[in-house]
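The values are calculated or read from the model by the stated rules, or taken from the named source; none is laboratory data. As the structure is a prediction and not an experimental result, all values here were calculated from the model. Reconstructed Cβ throughout: ideal geometry from the backbone, glycine too, with neighbour counts over all protein chains shown. Surface accessibility is based on the protein's heavy atoms, side chains included, excluding ligands, DNA and RNA. Shrake-Rupley method; radii C 1.70, N 1.55, O 1.52, S 1.80 Å.
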Amino acid sequence: MTKEPSSSRNQTKNDSLFTDDFQHNITLIYEAFSYPTNQSLKTRQFSALQGTMSGILFFLEGTVEETTVETHVMKPLYELSDKPEDGKVVDMLANSVLLTTAIREIVRLQDAVHDLLNGNCLILLENEKIAISANTASFEKRVVSEPTVENVVRGPKEAFIESMAVNQSLLRRQVKDSRLICENMTVGDVFSNEVSIMYIKGIADDKLIKEVKQKVEGIQTDVIQNLSILEQFIESRTYSLVPSTLMTERPDRATSFLLGGHILLLMNNSPYALIVPITFWSLFHTAEDQYLRWANVNFIRIISILAIFIAIFTPSIYLAASTFHVEMLPPDLLFAIAATREIVPIPVLWEIILLEFTFEILREAGIRIPSVIGPTIGIVGALILGQAAVQANLVSPIIVIVVAITGLSSFVIQDLSLNFMIRILRFLFIFIANFMGFFGIFLAVACTIAYMSSLKSFNVPFFSPLAPYFHSQRGVVFRKPVWKQALVPFFSNSRYKKKVSNPKVGSRDD
Amino acid sequence: MRDKWLIILLPSLALLSGCWDKIELEERGYAVVLGLDKSEEDHMVDVTFQIENPQVGSTSQSVAQNEPPSDILTITATDIISAKELANSIVSREIDLSQLQTIIIGEEFARSDYFNNIIGSSVRDPEIRRKMMLIVSKEKASEFIHSNHSKLETRPHKYYSFMRDRWKDTGYVPLSDLNRYFQRTANALFLVIYASTEKEPEIRKSSDNYKAGQVPQEAGDPAQMIGSAVFQNGKMIGTLTGEETRYVLLLRKKSIANHYVDSFKDPIDNDRKISVRLLKEKKTTVKVDVEKANPEVRVHVPITVQVLSSPSLHNYAYTKERQRMLKEEIHEDLHAKIMQLIKKTQEEFGGEPFIWFQLARREFWTMDAYEDYDWQKKYRNADIQVELDITIESFGSQLKPPHVGRGD
Amino acid sequence: MIRVNNGLIRKRELTAIVIFLYVIQLMNTTPDTLFKFGKNAAWVLPIISFAVMLIPFLVLLYIVKKHDAGLVELVFSLLGKRIGSFVMFLFFLIIFSALMINSRNYTDVFNTMFYSKTPVPYLYVMLIGASFYIANRGLENIGRTAWILCPLYLFVTYILIFFILEDFSVERIYPIAGPGLDVLLKKGTTYSSIYGESILLFALYPFVHKFKDFRIGVLYGWIIGVASLAFFMVIYVSIFDFPAVQDIAYPFQQLTRMATLGTIGHLESIYLATWTVASAIHFSIYLYLAAFFLSKMLKLKEFEPLLLPIAGLCVLAGLISPNIFVGNALRETLIQTSTGILVLFPFILWGIDRFKGGKKANAG
């Protein structure tokens, strides 16, 4: 794997050139890594060609594959038989002796340090002011495993891991095309990290690519550990509940976004891909959307839409109905609620708040709890708690149903940001319902929709292609049959080819 | 930063206020039946509220053992709304009319001039819905409500909602709600369900020629609902029996109740009765001719008959002759009764309950022309002919009467 | 390649805006006003009004196409700066008084039918506040919001018919001519400014993508509005019958109170919801137009800052009228006076345009 490390923007003060003085060069490296206090730096002196050529090899422990160093670097050096011409030692070594995938000639200490940190081994030769860096990187990483959050029933069962190289490999396997571009940038002024920006050339909008790159470049901070933090730096609206980026842990989903003209950001230490720009629909559609048959996926879409509405509105509508609009409830239900409410000491607002917060606490606890004792609590615990609360006359039974169905529905929404948005909006609507009933709720709904449709993520309107409307090749609320879909960038008119492959149906040009 | 403050401020604002129309649902007293009676005082009305107790019969979670299923109280006030306000000085809960389905009107009050004023002004209040059922009770409405306790339905709202479904089946009573009252009161006779808990049983030969209170009954629920009260121009002017009500529905172009059981004289064994189910599967066609001095009305009623039982044990299924006899008997009997009913409406009430005015209206170009014509008045002298088209469809699940005494 | 929003709206957004401008009329007191004169045949009135208003609309469409400029630019270029400003002021007055009277009217309906104990000013401020919020986000955004919500809005409105089918009888619309054809024609013409906004919508022409989008957008939305109003007025007569329907203040709200869906008796809260959303969007369009005309009159470049003062003024002015019946009377006067202005105005413009054009041709 060839990686071209970009020159780092941060100019450190120990930026000096290597010289002819072998000992001086060694000292430079030692000083840079505080050797011998820092025991990570490993050195190996060698002499080849019957002692006529001697040098020293550096690497950092834990960043290199030691067998590669042995077989691809050391062994060729020792087996060297032809004496190189004077002044061409480095050239010869780099071109015809060393067997690693990438070789670089280095003249500056700073680059040497950078390469060492990234898992290369560095060879310094006597009487040479050029060092050789050979790629032997191998950081510890786990194996590619199944996704933990975005589960699907049918579809690929692999997820991104913390290694950017592996993640890129996962993507490359899906898009075998030369147009898949991967640009690397560094972020973080003090402790820099690499960000890789991936897109398909000719499909992703050029202005968009430029904008994303500018945004990444413009970040001024000491360190960005991983994508989740990068996300917060480049998102459009910090204080808004509505997300403007999307994270996925599935390479197949990331690929489908790539093909749709979105831009992907990858970083080491993040088992995710960050996708920009996004629309509401990219948050709403799940990974499985394209894998299921037409009827099935649309059935699921209906369920998901319902779930979103239930998750946002059920408690507030119940609250409004029971305090402002009692005529809404059928008499049998109304009397049953009234009978049980009569012995409950707190107003219905506090009933809902109490149970909703309990549910949210349980949910948080379920995530934070050590997995050893995890199974003991959970949603079951919530139900038992609810049951007990009912028996203690703290809440009425219907509230347990309302909160349970609300909570359950919120699990249908897979995307974490959207999920949070819905959970927080729910509380907002509860308070508004308490204040003005349906009138308040639906004024707020009108304002919310107006707010959301005015949002943009990297200049792409949040609700497009529904509003502003343009013909969507994949379907927005409902999915079209796959053979009717043309692969088209989500926000533009252009497409890969003019005709839809299935001759039964003519294509509809917008 | 301003956004942040807004986020904190808004919920706290909403938490603190939220008063005005907000009231917890258990703090409301749901009146499910409303009774209206003539008051001793002039221009006053006795309003009876039957307020349902949610803790009886609705859930097993919290049951009040010693409370009755409903609370009934009567308030004398100038109208329904002020009675509602006054009632709150007695009832611990705010009286809520949102679940009110039924308004019961005492006959005495219905016959007074003041009735139309009360009903007409009550719809100003959005809580009074135009879908509310009207029932006229023979006795005072408050007495009716007090004595009407169903054995099967503990909760009164359930009783009335089930009864409403039965009305659609039997056709003994018309469907009468406030909307229909306002539709028809200016143009025609308006029929209201007639009910009573006072009994003066009369045994009649014809199985359904009863008014409320007259049905021979022992034990069971106290209230009888059969027949209809006739309203003209917002005032009750008479009554119809259950049978007559059925015929009215039969003659309407579109009726809600379109099948019911009736009994006729057995054409062979004249002392016995034969029970049939009458179905109106197609619409009645009515032709109104307003060109002549006295309007001409031609009614064609398609009726399908299903024989249900013949206590005389004669077999009607197999011979055409007997079928013809049965058909003729039904036709003759029905026709005579219907014509009698029409005569009654023309002479006694001076108006029609058949909603033919809608069909007469079709014949005019403008509303003014129709109003000048004065259909209600012209109807009194109208030439009305009714044609019954009877088809015997089936003879029940058993083809022949059982063989008795011939067994070996 | 990328479709960046350029602030222009397209035909769908415009259609949706016009739908929220007009379809909502079937829910307010417009049917009530029309029943008073049209009796049981009042459902013909919207169609007549539409036909009457269509002629000046088409004339204006012709002028706009010829010059490819919006109403405001036309007025200023054809009538000069002074008169132009005056005309802008007139338009502002028409829109603002409609906004003020109608919004007060709607608030009263909310107050009477659903929130009888809540003081009117609170409801009013909330309604106009929401409209202000929507309007403040720009025309493009009003269009998008309207477009997202309008299918749902139409669906929920029309599905009401199935809930009241039991009481429906189409025979009640007879006698077909109601008060007589002459009365219908006369009243239909007098009240044609219930569709007067169609003329004023030309002011939005510069914000529409292209001429065709504008023509199709306005006409579609308008026709849907007329058809809905006429259709629902047939429904009202068929449910309530003639003399009774005249006495009903809010026929749509009464209808929703009668609707039943199986055992679930009372559906009016669902319609309260749709009505709330629809009125918020409806008044946001009015606010936007009012601010637009005022800014043109004052020759301001930006008009968004005007939205808040106009909203505030609307609430203050709206609260002056003591109740809905005063408001209704005002509304009728407004409709009748503005009819004349709005019907004649396009012809005046056309005449001046011909005159100027002719002069130019002679000179050249």
> Applying the selection to the range C:109-122, what residues are assigned to a helix (DSSP H, G or I), more than 7 Å from chain A (Cβ to nearest Cβ) and open to solvent by less than 10 Å² (accessible area, probe 1.4 Å)?
Replying inline: C:VAL109
>> Report every pair of residues separated by at least 6 positions or lying on different chains whose Cβ atoms are under 7 Å apart, first residue within the range B:275-298 and part of a loop (DSSP other than H, G, I, E, B), second open to solvent by 80 Å² or more (accessible area, probe 1.4 Å).
In response: B:LYS283/B:LYS254; B:VAL290/B:GLU363; B:ASN294/B:ASN381
> What are the residues in the range A:317-343 that are facing chain B (nearest Cβ under 8 Å) and open to solvent by less than 10 Å² (accessible area, probe 1.4 Å), if any?
Replying inline: A:SER322, A:THR323, A:VAL326, A:LEU334, A:PHE335, A:ILE337, A:ALA338, A:ALA339, A:ARG341
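If you take just the helices (runs of 4 or more DSSP H) that sit entirely in the range A:9-121, which of them hold at least 2 residues that are under 30 Å from A:GLY188 (Cα atoms)?
Answer list for the range A:9-121: A:22-32, A:109-117.
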> Do you know which of the residues in the range B:169-193 that are open to solvent by less than 10 Å² (accessible area, probe 1.4 Å) and free of Cβ contacts under 8 Å to residues at least 60 places away in the same chain is farthest from B:MET133 (Cα to Cα)?
Replying inline: B:GLN183
>> Take the residues in the range C:226-243 that are within 14 Å of another protein chain (Cβ to nearest Cβ) and not hydroxyl-bearing (Ser, Thr, Tyr); name whichever of them is surrounded by the fewest Cβ atoms within 10 Å (Cβ to Cβ).
In response: C:PRO243
> Which number in (1) at pLDDT below 85; (2) open to solvent by less than 10 Å² (accessible area, probe 1.4 Å); (3) β-branched (Val, Ile, Thr) marks the one condition that B:VAL123 misses?
Replying inline: (2)
> Is there a residue in the range C:130-137 that is among the hydroxyl-bearing types (Ser, Thr, Tyr), at negative phi, in a helix (DSSP H, G or I) and within 11 Å of chain A (Cβ to nearest Cβ)?
Replying inline: yes
>> I'd like the residue in the range B:111-162 that is aromatic (Phe, Trp, Tyr) and either within 14 Å of chain C (Cβ to nearest Cβ) or more than 17 Å from the chain's Cα centre (by Cα) (or both) and, out of all such residues, is farthest from B:ASP46 (Cα to Cα).
In response: B:PHE162
>> Between A:GLU105, A:GLU146, which is surrounded by fewer than 21 Cβ atoms within 10 Å (Cβ to Cβ) and in contact with a helix residue (DSSP H, G or I) (Cβ under 9 Å, 6 or more places away or on another chain)?
In response: A:GLU105
>> Can you report the number of residues in the range A:415-463 which are crowded, with 24+ Cβ neighbours inside 10 Å, more than 14 Å from chain B (Cβ to nearest Cβ) and touching a residue at least 12 places away in the same chain (Cβ under 8 Å)?
In response: 4
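Could you please give the count of residues in the range B:351-373 that are within 14 Å of chain C (Cβ to nearest Cβ) and in a loop (DSSP other than H, G, I, E, B)?
Here the count works out to 7.
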>> Looking at the range B:337-355, can you tell me whether even one residue there is without any contact (Cβ under 8 Å) to a residue 12 or more places away in the chain, surrounded by fewer than 21 Cβ atoms within 10 Å (Cβ to Cβ) and not assigned by TED's automatic domain parsing to the domain that holds B:ASN187?
In response: yes
> Exactly one of (1) closer than 25 Å to B:SER161 by Cβ; (2) away from every other protein chain (no Cβ under 14 Å); (3) touching a residue at least 40 places away in the same chain (Cβ under 8 Å); (4) out of contact with any Lys or Arg (no Cβ under 7 Å at 6 or more places or on another chain) is unmet by B:ASP79. Its number?
Replying inline: (1)
> In this structure, is A:ILE197 touching a Cys at 6+ places or on another chain (Cβ under 9 Å) and open to solvent by less than 40 Å² (accessible area, probe 1.4 Å)?
Replying inline: yes
> How about the range C:254-270: which of its residues are part of a loop (DSSP other than H, G, I, E, B) and surrounded by fewer than 20 Cβ atoms within 10 Å (Cβ to Cβ)?
Replying inline: C:THR260, C:GLY262, C:THR263
>> Residues that are hydroxyl-bearing (Ser, Thr, Tyr) and modelled with pLDDT of 85 or more, at least 1 per element: which helices (runs of 4 or more DSSP H) completely within the range B:1-110 meet that?
In response: B:80-87
>> Which numbered condition in (1) more than 14 Å from A:SER270 (Cβ to Cβ); (2) in a strand (DSSP E or B); (3) in contact (Cβ under 8 Å) with a residue 40 or more places away in the chain is the only one that A:SER196 fails?
In response: (1)
> Out of (1) open to solvent by less than 40 Å² (accessible area, probe 1.4 Å); (2) β-branched (Val, Ile, Thr); (3) at pLDDT 85 or above, the odd one out for C:ILE2 is which?
Replying inline: (3)
> For the range A:317-337, does any single residue satisfy the condition of being of a type in the set (Ser, Thr, Tyr), within 21 Å of B:TRP20 (Cα to Cα) and touching a residue at least 60 places away in the same chain (Cβ under 8 Å)?
Replying inline: yes
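A quick yes/no check of all residues on (1) at negative phi; (2) open to solvent by less than 10 Å² (accessible area, probe 1.4 Å); (3) among the hydroxyl-bearing types (Ser, Thr, Tyr):
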position: C:GLY143; (1), (2), (3): yes, yes, no
position: C:PHE162; (1), (2), (3): yes, no, no
position: C:THR189; (1), (2), (3): yes, no, yes
position: C:GLY196; (1), (2), (3): yes, yes, no
position: C:HIS209; (1), (2), (3): yes, no, no
position: C:ILE224; (1), (2), (3): yes, no, no
position: C:VAL245; (1), (2), (3): yes, yes, no
